[in-house]
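Everything on this sheet refers to the single structure shown next.
No lab work stands behind these numbers, since they all come straight from the coordinates. Values in this document were obtained by computation on a predicted structure and should not be read as measured data. Ideal geometry is used to build each Cβ from the backbone, glycine not excepted, and the neighbour counts take in all protein chains shown.
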Amino acid sequence: MRLRNTRQFWRQCQSVALSTLAIALLTLATYKLHLNATTVVLFYVLVVVLQSLAGGSVAAVIVAVVAAAFLDFFFLPPRFTFRIDDPLNVVSWLVFLIVALVITRLVTRLREEAHAARLHGTEADQLYEIAMRLLLLTPDKVGGRAALKVVRDVLGADAVCLFDASTLECSVDGISQHDLAECTRQAYIFGKDTDDAACRVFVRCLRIGNPMTGAIGVEGLADPQMISPALPVLVAAALERAHTFRRASHETAAAQAEIFRTAILDALAHEFKTPLATILALTGGIKESRRLEPEQEEMADMIEFEVSRLSRLTTRLLRTARLDQEELKPRLKPIDIVPFVERVVYRYLAHSNERRVAVTSCSTAVEVSADRQLLDLALTQLLDNAFKYSTPASTITVSVEAEEGFITTSVRNEGDSIAPDEQDRIFDRFYRGARVRNLVSGTGLGLYVARKIAAAHGGSLDLINDGPDKGVVFCLKLPMLNHGCDKLATSH
């Protein structure tokens with residue numbers, strides 16, 4: 001920058017010297033030809049105008065003063081002195097000087113406006129070229145070095161750096177001599193554009209609306225004005241395009257993976273059903289033959305029990321696959337919720353006596369509109385979850401309450417509370433808590449399936465974490481068909 005200013009200074013000095021020489025030659029010629037002062041003024045004005053076109057305003061003012069001095073010294077009486085006797089000549093001299101200065105100012109302003117117009121035209125051309133070349137890039141390359149190379153080539157910079165706030169990644173194209181990546185990162189952290197004219201490093205923050213999405217740094221430009229104010233907006237839009245493409249790609253890949261996973265799960269469930277049914281039928285046939293010893297009879301019962309349990313799990317997997325595919329629609333029928341819940345609890349207790357279950361229910365009949373099989377599956381999942389994660393010999397509490405047009409079936413266990421950062425994730429498919437995943441067997445499907453069923457019935461399934469020592473409660477809410485409820489507690 002200093003070298004450039006020095007060159008401009010000497011160039012203007014040369015221009016002033018040439019204009020002064022021209023005035024001196026015109027003075028000599030007009031003096032020899034005995035031309036009047038009016039004609040000389042016209043020649044001097046012409047030189048001043050040419051100087052205004054060629055140089056800056058300061059140089060033009062100097063030339064105008066020099067021309068006025070020549071006019072006074074050689075053509076206004078008394079000649080060869082800087083004293084003017086006639087007041088009219090004083091007025092003429094002042095008018096000449098003012099006209100010369102006004103013309104200089106107007107010409108200088110026109111020249112500056114023309115220069116600004118050229119700059120705007122150059123900026124528009126650069127922005128257009130950058131925009132077109134960015135649009136030609138595939139979306140996955142817009143946020144990478146390919147986009148930076150476009151900006152660097154168009155601006156003619158030594159290096160260009162892009163800091164992406166969403167990924168915290170810093171990409172650089174070109175060779176930086178002044179740690180451009182760190183300068184760009186710091187500009188984003190402080191949220192402020194920076195200009196370092198000595199190092200020729202200029203950084204602009206990227207914004208779409210109010211929030212910042214990153215920062216772009218350019219090194220090697222002679223002037224920060226070469227960076228158009230619209231450039232950061234253009235780069236921010238391109239970066240957002242890359243983000244949108246990335247999110248869409250991830251969602252598409254996740255959807256494809258989910259389709260494949262559901263298809264595999266459905267196929268495996270069907271393949272398991274046939275051999276399980278065969279094993280169960282053969283076990284029953286062996287028991288009916290009545291040729292088994294007591295020990296063999298016990299082993300046959302164990303095989304039958306485990307095969308039945310595996311068959312129920314396979315049925316759950318099959319129903320889960322259909323729920324994911326949204327092929328299963330609830331077949332809604334009126335159900336008296338209290339005896340229905342009690343039957344599910346009784347059936348579950350018939351297969352497990354490791355816990356005690358207390359049921360608190362309404363004495364008045366309360367109906368809901370539900371699919372029996374799906375509601376049975378949801379309640380079984382909640383009971384299974386409570387049995388797995390409660391402390392041994394503890395009590396599982398099941399309560400049915402009516403309030404504000406909904407029936408709430410709550411299943412409470414006395415196990416450990418669920419960490420706050422896991423309370424939303426436990427309803428995700430295949431997710432299991434960090435503290436229990438290696439201690440208790442499971443698939444991580446139970447709560448996901450139960451919530452899916454609740455949503456299909458127009459209800460909800462929520463977690464109530466009472467605290468470290470009070471256990472965990474899952475509340476299944478379904479719309480009820482009638483009202484009225486008096487609480488009656490019974491224990492099983």
Proximal aspartates and glutamates to K329, defined as alpha-carbon separation beneath 13 angstrom and excluding residues fewer than eight positions away on the same chain: D371
For the stretch 155-252, which trypsin sites (Lys or Arg not before Pro) are both in a DSSP coil and crowded by at most 14 other Cβ atoms within 10 Å? K192
Quick check on the exposure proxy: order K32, K333, K149 from fewest to most C-beta atoms within 10 angstrom. K32, K333, K149
For I98, I337, I62, I279, ascending order of other Cβ atoms within 10 Å (fewest first) is I98, I279, I62, I337
In the structure displayed, which of K287/K388; K333/K477; K333/K452 lie more than 24 Å apart, Cα to Cα? K287/K388
Sort V107, V233 so that the residue with the fewest other Cβ atoms within 10 Å of its own Cβ comes first and the one with the most comes last. V233, V107
